[in-house]
Amino acid sequence: MNNYNETATIIADSKNMVFFGGAGVSTESGIPDFRGSAGLYNDNKVYRYRPEEILHYRFLQTHPEEFYSYYKENMIHCEAEPNAAHIVLAQLEAGRKLNAVITQNIDGLHQKAGSKNVIELHGSVYRNYCTKCGKNYGIEKITGSKDIPICDSCRGLIRPDVVLYGEALNDGNLYRAEKVIESADVLIVGGTSLTVFPAAGLISCFKGKHLIIINSTPTQYDCFAEIIIREPIAKVFENIKEGLGI
C-alpha cells in the first residue's frame, strides 16, 4: 500500500510542517549518494584514497590538489535540476503549508526549485571562502580553477563552505533545525537512512502528531512513524501532489 492519499490528507491538514531530507532526495536528479549501490563508496573508479579520506578536512590541508580533483569530479553537479520532490516542497512552502526544509545535501537543489527557508546542515558547494583572509567566493571560482583555487586578495587557499569529515556541524544550523522540528505538527523524513549523527538525532526532537518516512530502506526510526513509504521520493511527491491540488 503506497499511502499516497493518506499522506496528502495529512499534509493538507497540517498547520506547521517540516521536511528533513538526505542524499536520496537528489539521486533522482542524477546526483549519486554515498552508501547506495551506485554511490560514491561503490564507485568502480580507482583512486589512491577512499572517499572518506579524501573528503576529510586534514586531506584538504595536506593534499589540496588531489582533494580538488576528486571534489570537482564527484561533489559538484551544477547541471543537475530539481526533481518532483524539490519542486513540490517549494510549492508547499509558497502555499504556507511547509515551514522549513532541513537538508543534509550540499547541492542547492531546494533553493534552485524555489524553497526559501532551507537549513543546510552540511553547507553548500555554492559558498566558498579563503582560509586565510575569509573572502567569499561563488562556485565559479572553484570550477574555473585549473588545480587549487587561490584567493585573489591574499593568495590563501580557498575551501568550500561544506562540512568535511572530521568537522562538526554548525551549532547555529543545528539549533535552528531543532527548533523548527520541535514546533512541527508534521515531520516528513525523506531520502535518508538516518545513520549519520548528529543530524539523524534531530528526529528525536519531534513532538508533533504525524511522522512520515519516505526511504527505500528501513531506518531505526521506522517504529515511530505513522506512515512508511518505500519508494523513490520524487515518485512519491509526484503522486501526492495530485491529492493536494498542486
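Worth pointing out:
- Hits in the stretch 122-141 - residues which are open to solvent by 30 Å² or more (accessible area, probe 1.4 Å) and in contact with a Pro (Cβ under 7 Å, 6 or more places away or on another chain): 141
- Failed item, numbered, when residue 39 is tested on (1) of a type in the set (Gly, Ala, Ser); (2) buried (at least 16 other Cβ atoms within 10 Å of the Cβ); (3) modelled with pLDDT under 95: (2)
- Filtered by the rule that a residue be of a type in the set (S, T, N, Q) and more than 14 Å from the chain's Cα centre (by Cα), the stretch 180-194 gives a lone residue, 183.
- Residue satisfying all of: in the stretch 219-232; among the β-branched types (Val, Ile, Thr) and modelled with pLDDT of 95 or more; farthest from residue 22 (Cα to Cα) among these: 227
- The conditions of being aliphatic (A, V, I, L, M), under 17 Å from the mean Cα position of the chain (by Cα) and surrounded by fewer than 20 Cβ atoms within 10 Å (Cβ to Cβ) are not met by residue 157.
- Qualifying strands (runs of 3 or more DSSP E) (wholly inside the stretch 53-138; at least 1 residues being under 15 Å from the mean Cα position of the chain (by Cα), touching a residue at least 12 places away in the same chain (Cβ under 8 Å) and under 18 Å from residue 157 (Cα atoms)): 123-130
- Any chance residue 145 is open to solvent by 60 Å² or more (accessible area, probe 1.4 Å) and of a type in the set (S, T, N, Q): no
- Check on residue 158, in a strand (DSSP E or B) and either touching a residue at least 40 places away in the same chain (Cβ under 8 Å) or within 23 Å of residue 86 (Cβ to Cβ) (or both): no
- When the test is whether a residue is touching a strand residue (DSSP E or B) at 6+ places or on another chain (Cβ under 6 Å) and among the polar types (S, T, N, Q), residue 239 does not pass it.
The values are calculated or read from the model by the stated rules, or taken from the named source; none is laboratory data. Bear in mind the structure is a predicted one, so any value in this text is a computation, not a measurement. Quick reminder, even Gly has a Cβ in these numbers, built from the backbone with ideal geometry, and neighbours come from all protein chains shown. Surface accessibility is based on the protein's heavy atoms, side chains included, excluding ligands, DNA and RNA. Shrake-Rupley method; radii C 1.70, N 1.55, O 1.52, S 1.80 Å.
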